[in-house]
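Read through the structure below, which is laid out as structure tokens, and then see the notes.
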Amino acid sequence: MDTTIKDATNDDLKAIAACHIAAFPNSFTSKLGINFVSNMMRWYLSGKNKVIFWINEDGKCIGYCGGYVMDGSDAYGATSGMTQFGFNSAVIALMLRPWLLFHPELLSKYKFIWTNILRKLKLKKSTKTGIIAPPHQLNPEKKLQAGLVVIGVMPSLHKKGIGSLLIKEFENRTYAMGARFFSLSVRQENARAIQSYERNGWKITVEEGKVSYIMTKTID
Ligand SMILES: CC(C)(COP(=O)(O)OP(=O)(O)OC[C@H]1O[C@@H](n2cnc3c(N)ncnc32)[C@H](O)[C@@H]1OP(=O)(O)O)[C@@H](O)C(=O)NCCC(=O)NCCS
């Protein structure tokens with residue numbers, strides 16, 4: 001298997017989105033369809049502090065990873081940033097699939113969605129959440145922090161070391177950009193992902209709400 005890692009360009013986002021949908025088949029974003037997911041992923045190409053890379057096998061994406069260095073250049077955190085990029089295609093996708101308005105993930109994020117509608121309509125200003133991601137107490141020395149936002153491997157290729165390859169690549173790339181503290185959020189039920197991060201030296205640091213953990217790693 002050729003596991004050459006490539007920087008993503010605009011032209012690659014559809015292939016990456018297809019891999020994302022395969023890796024997260026039940027998520028609300030996946031249900032909104034490939035156009036929405038690829039538009040949302042344009043966020044990763046929107047600044048020098050962001051990374052997105054993938055593994056191309058015969059024109060198909062078999063794994064990808066994206067994130068950002070929290071250097072203060074973003075008006076919003078990653079989720080809001082991506083929501084803003086995918087906003088118009090989300091509206092179209094929802095008009096075509098109105099039943100998704102009752103998707104549990106959407107219902108649980110009602111406040112977040114409403115905030116982003118107001119932001120899109122320019123009725124609400126940024127709160128600069130992208131400067132240093134909470135919780136600040138996890139990174140008391142305020143080392144430059146990188147957030148691993150998304151990672152996925154084609155389900156048929158799990159447990160072959162591709163996830164680890166992508167995690168290490170994320171660390172190397174963001175380390176080269178100055179990051180020394182790394183964080184991510186993972187659902188507590190996602191044992192496979194947690195195992196993969198732990199195998200690569202990440203530690204569960206704190207609970208985030210009732211459903212997720214924040215995992216971190218420091219490299220000096
Ligand atoms: C999380 C995810 C990316 C992990 O991908 P992965 O490729 O299966 O993960 P890993 O690289 O850690 O796999 C390691 C396994 O491959 C095995 N392996 C085989 N060849 C290997 C090699 N050359 N190098 C390293 N490990 C290898 C290891 O022994 C290990 O097996 P074990 O778990 O039985 O010990 C993947 O499960 C996924 O896409 N999940 C759905 C999306 C998701 O949940 N993303 C995370 C959201 S926070």
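A compact table of results
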item	result
Residues located in segment 136-186, provided they are among the aliphatic types (A, V, I, L, M), in contact with a strand residue (DSSP E or B) (Cβ under 6 Å, 6 or more places away or on another chain) and within 16 Å of the ligand (Cβ to nearest atom)	146, 148, 149, 150, 151, 153, 154, 157, 162, 166, 184, 186
Hits in segment 15-32 (condition: within 23 Å of residue 59 (Cβ to Cβ) and of a type in the set (Gly, Ala, Ser))	15, 17, 18, 22, 23, 30
Subset of segment 120-160 (residues that are on the phi > 0 side of the Ramachandran plot and either surrounded by 18 or more Cβ atoms within 10 Å (Cβ to Cβ) or at pLDDT 90 or above (or both))	159
Count of segment 36-72 residues which are free of Cβ contacts under 8 Å to residues at least 24 places away in the same chain and touching a His at 6+ places or on another chain (Cβ under 6 Å)	0
Filtered residues of segment 43-63 (kept if in contact with a Cys (Cβ under 8 Å, 6 or more places away or on another chain) and among the aromatic types (Phe, Trp, Tyr))	53, 54
Restricting segment 48-74 to residues that are small (Gly, Ala, Ser) and out of contact with any Gly (no Cβ under 9 Å at 6 or more places or on another chain), the residue that is surrounded by the most Cβ atoms within 10 Å (Cβ to Cβ)	66
Pair list, Cβ under 9 Å, 6 or more apart: segment 143-162 residue of a type in the set (Ser, Thr, Tyr), other residue at pLDDT 95 or above and buried (at least 21 other Cβ atoms within 10 Å of the Cβ)	156/62
Residue pairs meeting the criteria (Cβ under 9 Å; at least 6 apart or on separate chains; first without any contact (Cβ under 8 Å) to a residue 60 or more places away in the chain and closer than 19 Å to residue 115 by Cα, in segment 87-103; second of a type outside the set (Val, Ile, Thr) and outside any helix (DSSP H, G or I))	89/32; 89/33; 90/32
Filtered residue count, segment 1-47, keeping only those that are at pLDDT 95 or above, part of a loop (DSSP other than H, G, I, E, B) and farther than 16 Å from residue 169 by Cβ	3
Enumeration of residues in segment 191-213 that are within 11 Å of the ligand (Cβ to nearest atom) and surrounded by 14 or more Cβ atoms within 10 Å (Cβ to Cβ)	193, 194, 196, 197, 200, 202, 212, 213
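The values are calculated or read from the model by the stated rules, or taken from the named source; none is laboratory data. Keep in mind that this is a model prediction, so the values were computed, not measured. Because the Cβ atoms are built from the backbone with ideal geometry, glycine has one as well, and the counts that use them run over all protein chains shown.
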